[in-house]
Amino acid sequence: MKKYYLIFISTLLFSSCNSYKDLPTFTENPAWKTQEIPATAQANTGNAEAGYKYLTEGDYIGGGTPFEIMKNKMLKKPDTVLARSGDNQFAFYWGNVFKTTNGTKVFAGNCLTCHSSALNGKVVLGLGNSFADFKKSQAKTTKLLRLLVSLKYKKNSPEREAFKPYGNSIKVLPTYIITNNSGVNPAFRLEEACTIYRNPVDLLHQKKANFKPIKYTLASDIPPLWNITKKNALYYNGMGRGSMTKLLMQASLLGIPDTTAARKVNENFDDILAWLKSITPPPYPQEIDNVKLIAGQTVFEKNCSNCHGTYSNKSKFPNKLVALHIVKTDPLYARYFSQNSHLVEWYNKSWFANSTPKSTLQAEDGYVAPPLDGIWASAPYLHNGSVPTLDDLLNSSQRPIKWQRSPSSYDYDYQKIGWKYTIPTKNKGNRIYDTKLPGYSNAGHTFGDKLSPEERTNLIEYLKTL
């Protein structure tokens, strides 16, 4: 399984040269403390069942590796996670076999590559994948894949044409994508790299670069998808405004050839959005202390609900953007998009922002206080995944500077709520998280420090039930 997972990943995202010198500069604190993100009209006519089918079998990536090359690398027995039919029954659950616009059958990853993860040995759809490790470069593999396609198929063959947009993307990606820490995801770096040689108006590939991204790779934790139903904006800094269907399909830039194909893809994303709104977090699997639960709810509603919302019969989420100087978590991710990233400018000139339904990127120096549904299962915590457990999050003095977790989905800590970890004695080894690296600090969100140990214990008991 691990072997074939790496084969797929190597066709998507890789290598980068990380440099600190071009990181965002700090500015004066803004006058505002919090902003409420207003709601915008969203698609509400989608079919959840159709959305699930399109998510797990559809052509939204647009292109991929010709199926003839990949079919001998598929599973020997049908996949049991999604239990699909046809060619997809032997595909890994994080990839789809589909036909491109010219009728060529290809294989490419799907949304579940990043938006599903194992927990206690079971794959949970919609849970962010914190097991992926993008620190290692696979640039040679992507180069080999492009060479293999060029040798196997003639220049004007349907297979070459179907692979071309996807091949153009994976040719660029190795220059920009590699993470500094394990367990974080370079999704925006991928999208940024995909736009370097894309005309924003028609999405066609062009020879001249639109811009040159900074060399340092910023990555983030992956939020759970089941919270989309409560959000008025996407992403940790709340910059994704307007049509959710447009925002959700940005990964299509990996392989779609043009806006004609993009429009056809977007027609299916009403259904995708409906499916996302239908999924719920996994229930906490162990016993709950009801006395602590009741006491914890009181602690939560007094100290946390103003930003994170309420979860009783009158559930309400405020969609509150909190300024950096208030939350005090690592500012680099937010400031990169508000000051340095060319992605915002490209996106707001593009087909995504200037065709119906419209969406825009509006970056501010702050982070959205997220919904907490299923928070027990969504470790690690903070936008950069720098804190391994809820207990550490609520007591900043015990947050580890460097920590290392195992690759096992069974190593969950039901006392501290999060991933079991050790403190590495050396800086070598797999799955080490270093909070001293730019963009990966575990500082800020110290609101739990004022609570007593008993209040923290009770609060965690309540959070288990959300």
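The values are calculated or read from the model by the stated rules, or taken from the named source; none is laboratory data. Values in this document were obtained by computation on a predicted structure and should not be read as measured data. Reconstructed Cβ throughout: ideal geometry from the backbone, glycine too, with neighbour counts over all protein chains shown. SASA here: full protein model, heavy atoms, side chains in, ligands and nucleic acids out. Shrake-Rupley method; radii C 1.70, N 1.55, O 1.52, S 1.80 Å.
One table, with the values for the structure above:
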item: Hits in the stretch 108-118 - residues which are open to solvent by 10 Å² or more (accessible area, probe 1.4 Å) and either hydrophobic (A, V, I, L, M, F, W, C) or free of Cβ contacts under 8 Å to residues at least 12 places away in the same chain (or both); result: Cys111, Cys114, Ala118
item: Residue list for the stretch 177-203, restricted to those being among the hydroxyl-bearing types (Ser, Thr, Tyr) and part of a helix (DSSP H, G or I); result: Thr195
item: Matching residues, the stretch 223-238, being closer than 17 Å to Gln42 by Cβ and assigned to a loop (DSSP other than H, G, I, E, B); result: Lys231, Asn232, Ala233, Tyr235, Gly238
item: In the stretch 55-96, the residues that are within 22 Å of the chain's Cα centre (by Cα) and part of a strand (DSSP E or B); result: Gly95, Asn96
item: Selection count, the stretch 393-404, where residues are in contact (Cβ under 8 Å) with a residue 40 or more places away in the chain and surrounded by 23 or more Cβ atoms within 10 Å (Cβ to Cβ); result: 2
item: From the options Asn181, Asn185, Asn232, residue that is farther than 18 Å from Thr113 by Cα, open to solvent by 10 Å² or more (accessible area, probe 1.4 Å) and under 20 Å from the mean Cα position of the chain (by Cα); result: Asn232
item: Residue in the stretch 104-122 that is touching a Gly at 6+ places or on another chain (Cβ under 9 Å), part of a helix (DSSP H, G or I) and of a type outside the set (Lys, Arg) present; result: yes
item: Candidate set: the stretch 199-215, residues that are under 22 Å from the mean Cα position of the chain (by Cα) and open to solvent by less than 50 Å² (accessible area, probe 1.4 Å); chosen: the one farthest from Thr259 (Cα to Cα); result: Ile214
item: Given (1) without any contact (Cβ under 8 Å) to a residue 40 or more places away in the chain; (2) surrounded by 16 or more Cβ atoms within 10 Å (Cβ to Cβ); (3) out of contact with any helix residue (DSSP H, G or I) (no Cβ under 7 Å at 6 or more places or on another chain), index of the condition Thr80 fails; result: (2)
item: Unmet criterion (only one of (1) at pLDDT 95 or above; (2) assigned to a loop (DSSP other than H, G, I, E, B); (3) open to solvent by 20 Å² or more (accessible area, probe 1.4 Å)) for Asn384; result: (3)
item: Selection count, the stretch 418-449, where residues are in a strand (DSSP E or B) and free of Cβ contacts under 8 Å to residues at least 24 places away in the same chain; result: 1
item: Residue in the stretch 56-75 that is farther than 24 Å from Leu151 by Cβ, modelled with pLDDT under 95 and not charged (D, E, K, R) present; result: yes
item: Leading residue by the ranking (surrounded by the fewest Cβ atoms within 10 Å (Cβ to Cβ)) among those in the stretch 142-167 that are among the polar types (S, T, N, Q) and not in a helix (DSSP H, G or I); result: Asn156
item: Any chance Pro224 is surrounded by 17 or more Cβ atoms within 10 Å (Cβ to Cβ) and either under 21 Å from Tyr166 (Cβ atoms) or in contact with a Phe, Trp or Tyr (Cβ under 6 Å, 6 or more places away or on another chain) (or both); result: no
item: Odd one out for Gln415, checked against (1) open to solvent by less than 30 Å² (accessible area, probe 1.4 Å); (2) assigned to a loop (DSSP other than H, G, I, E, B); result: (1)
item: Single condition Asp87 does not satisfy, out of (1) open to solvent by less than 10 Å² (accessible area, probe 1.4 Å); (2) without any contact (Cβ under 8 Å) to a residue 24 or more places away in the chain; (3) within 26 Å of Arg263 (Cα to Cα); result: (1)
item: Hits in the stretch 200-214 - residues which are touching a helix residue (DSSP H, G or I) at 6+ places or on another chain (Cβ under 9 Å) and either under 21 Å from Ser355 (Cβ atoms) or not hydrophobic (A, V, I, L, M, F, W, C) (or both); result: Pro200, Val201, Asp202, Leu203, Leu204, His205, Asn210, Lys212, Pro213
item: Answer from Thr310, Thr260, Thr298, Thr280 - the residue that is surrounded by fewer than 19 Cβ atoms within 10 Å (Cβ to Cβ), at pLDDT 95 or above and within 26 Å of Arg189 (Cα to Cα); result: Thr260
item: Qualifying helices (runs of 4 or more DSSP H) (wholly inside the stretch 246-303; at least 1 residues being under 18 Å from Gly46 (Cβ atoms)); result: 259-266, 269-278
item: Unmet criterion (only one of (1) among the basic types (Lys, Arg); (2) under 30 Å from Asp434 (Cβ atoms); (3) in contact (Cβ under 8 Å) with a residue 12 or more places away in the chain) for Lys99; result: (2)
